[in-house]
1. Would a scan of the range 503-520 turn up a residue that is at pLDDT 90 or above and aromatic (Phe, Trp, Tyr)?
2. Report, by residue number, each residue of the range 415-436 that is exposed (fewer than 12 other Cβ atoms within 10 Å of the Cβ) and not polar (S, T, N, Q).
3. Of the residues that sit in the range 476-487 and are over 12 Å from LEU422 (Cα atoms) and of a type outside the set (Phe, Trp, Tyr), which one is least open to solvent (accessible area, probe 1.4 Å)?
4. Sort out which residues of the range 470-491 are over 34 Å from the mean Cα position of the chain (by Cα) and assigned to a loop (DSSP other than H, G, I, E, B), and write them in order of number.
5. Please report, ordered by residue number, the strands (runs of 3 or more DSSP E) entirely within the range 128-247 with at least 1 residues that are open to solvent by 20 Å² or more (accessible area, probe 1.4 Å).
6. Sort out which residues of the range 497-520 are aliphatic (A, V, I, L, M) and either assigned to a helix (DSSP H, G or I) or open to solvent by 50 Å² or more (accessible area, probe 1.4 Å) (or both), and write them in order of number.
7. When you scan the range 406-460, how many residues do you find that are among the small types (Gly, Ala, Ser), outside any loop (DSSP other than H, G, I, E, B) and more than 20 Å from LEU498 (Cβ to Cβ)?
8. Hand me the list of helices (runs of 4 or more DSSP H) wholly inside the range 44-126 holding 2 or more residues that are over 26 Å from the mean Cα position of the chain (by Cα).
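The values are calculated or read from the model by the stated rules, or taken from the named source; none is laboratory data. Note that the structure is predicted; figures quoted are calculated from it, not measured. Backbone-built Cβ (ideal geometry, glycine too); neighbour counts: all protein chains shown. Heavy atoms of the whole protein, side chains included, go into the accessibility calculation; ligands, DNA and RNA do not. Shrake-Rupley method; radii C 1.70, N 1.55, O 1.52, S 1.80 Å.
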Amino acid sequence: MSGIPFSKFVPISAKVQKTSFNIEKKHLLLAMVNDLIPTSVPYIELNSSTALIDFTKMFGLHIPEYKALSRYFSFLSKTGNSPDKVIIARWYKTSSAPFIKGLDKADTVDNLKKLSDASFNLTITGKTKDISCDLSSANSYSDIASLFQSKIRENIDGGEQFTNASVLYSPIINGFIITGGTVGKVETILIKEASSGTNVIKQLGLELNEISQGANQETFAEFCNRIYNANTSGFAITTLEQVETEDIVNSVAWLNSSVENQTIYTKNKLIFNFTDVVEAKTIASTLGELNYTGYVITYDPNKEYINILDAAIGATVDFENGGTINFNFQKVSGYTPITTLDTITDYQSNMTNLSFTKELDDLKISYVYSVGVGNQSVIMYGLGLMAGDFGSEDVQLNESWFESSLQNAVMNGLVSLDKMKLQGQDAKQFISTVVLPSFNKAVSNGVISNGGILSDNDKITLSQQLGQDAITAIENNGYYFKVENLTSEDISNRQARLVYAYLSAGVLNKLRINANIYGV
């Protein structure tokens, strides 16, 4: 007997929905000291498909950062992933002068050299001058730049901002750059048409321009504080520039005190690269005594940008697919291992690969090493790993994924729904429903240990803070969470509070085997 289909009363339509927020990878954030980056640009994002081409257009091929980024984007993880983005920001290691960078192609040299009164008006920090120049002797863009520079510097009454000013033609950007002669954030620059002569702003390619005002010198810690929000899901900040010991200590102190109070979820880290092993040991010892976390010291005697390699490994973790990673045992190609102490004289000097690497491991210094002998040798990165109380670098990175997963789950819920109720049992239940998939995924991908063992001290702490239910849940499922009861402050701030605890799975880097041999 036929009847009316259920769809009349319970109509269902389905389509794939794209989430509002995704968990982004922890990209490299590279600090550069480069005069071509203007103060008007807080940072530059380059995506893997065109990154090196775009970088070359902005900065050229012949700087160390190009080689470093070539290594970064060529890294291939065990799962076949490569980094897909880099964030570049200028570190004002010294105070900078204002400049105007032309973005258009200049007229031909032959056309420009026909002008005997090529003019523009230039204002530098409040002083304004008409600049007029005879270009008839010029045979190149560099000649034109030199002629204008001489004319600008003739304006003695304009002060050092004019007498120390410079004009150059950059073959990298194929444009002219006019730079003021004094530095600091109060310094400004402006170009416009002159009151007389043949105005050549357009012919010089300066009509469409990029203006950078002056900036004060900043420490590396101040740079990090200014730029760390460039990638909200996390970052690995490093640089190819030398960072002084005091500045390293201050920047790590900033990380531990200023970035979300630097909890176990270390989604933000700093990487410092050393070519000198004594310097690496000294800074590692200094930071270790301070009990800081969230930093990586890499030893790079062959100048192969090991800090960039560390960042590349972190940037290839695919968190959307539940990815986790062990920084140790990452096979690498194109790098030179430090484990080459195998001569008789090395041995007689008490220098062996084992003794040297143990010394670095004890200080939490990372490096490229080899395992095996001859044709069985494999080159890998790791061992030292991130310093701090919270375990190794892989554990911190994976646990930071969990934090990001919870944040994104809640954000997607708040964005997708018209409202999420604050009060009531159904409100609590809904919050639990929103966050539960993150916990379950953390169990499946190895962030949370299912069936692990709690120490007696852990049980006491849990009982005091969360009660016996937390101990039972963690022993059974690996985790425990609950939505806390609302306070008057919660209601006023329209907030709900979730408390949770779980047993970290960690990763295995060494297996100790005790063997009993009989019948010998």
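1. Within the range 503-520, the first condition is being at pLDDT 90 or above, and the residues that meet it are none.
Taking every residue of the range 503-520 in turn, none turns out to be at pLDDT 90 or above and aromatic (Phe, Trp, Tyr).
2. VAL415, LEU417, ASP418, LYS419, GLY424, ASP426 - these are the residues of the range 415-436 that are exposed (fewer than 12 other Cβ atoms within 10 Å of the Cβ) and not polar (S, T, N, Q).
3. Pass one, the range 476-487, residues over 12 Å from LEU422 (Cα atoms): 476-482.
Among the residues that remain, those that are also of a type outside the set (Phe, Trp, Tyr) are: 476-478, 482.
On the way: ASN476: 100, ASN477: 75, GLY478: 0, LYS482: 84 Å².
For the range 476-487, the residue satisfying everything is GLY478.
4. GLU484, ASN485, LEU486, THR487, listed by residue number.
5. Numbers: elements: 166-170, 175-179, 189-192, 209-212, 235-239.
Output list reads 166-170, 175-179, 189-192, 209-212.
6. In the first step, residues of the range 497-520 are kept if they are aliphatic (A, V, I, L, M); the result is 498-499, 501, 503, 505, 507-508, 511, 513, 515, 517, 520.
The answer is LEU498, VAL507, LEU508, LEU511, ILE513, ALA515, ILE517, VAL520.
7. Going through the range 406-460, the residues among the small types (Gly, Ala, Ser) turn out to be 409, 413, 416, 424, 427, 432, 438, 442, 444, 446, 449, 451-452, 455.
So of that shortlist, the ones also outside any loop (DSSP other than H, G, I, E, B) come out as 409, 413, 416, 427, 432, 438, 442, 444.
Okay, now just the ones that are also more than 20 Å from LEU498 (Cβ to Cβ), so 444.
So the answer is 1.
8. Working: elements: 51-59, 64-74, 109-112.
Counting at least 2 such residues, we get 109-112.
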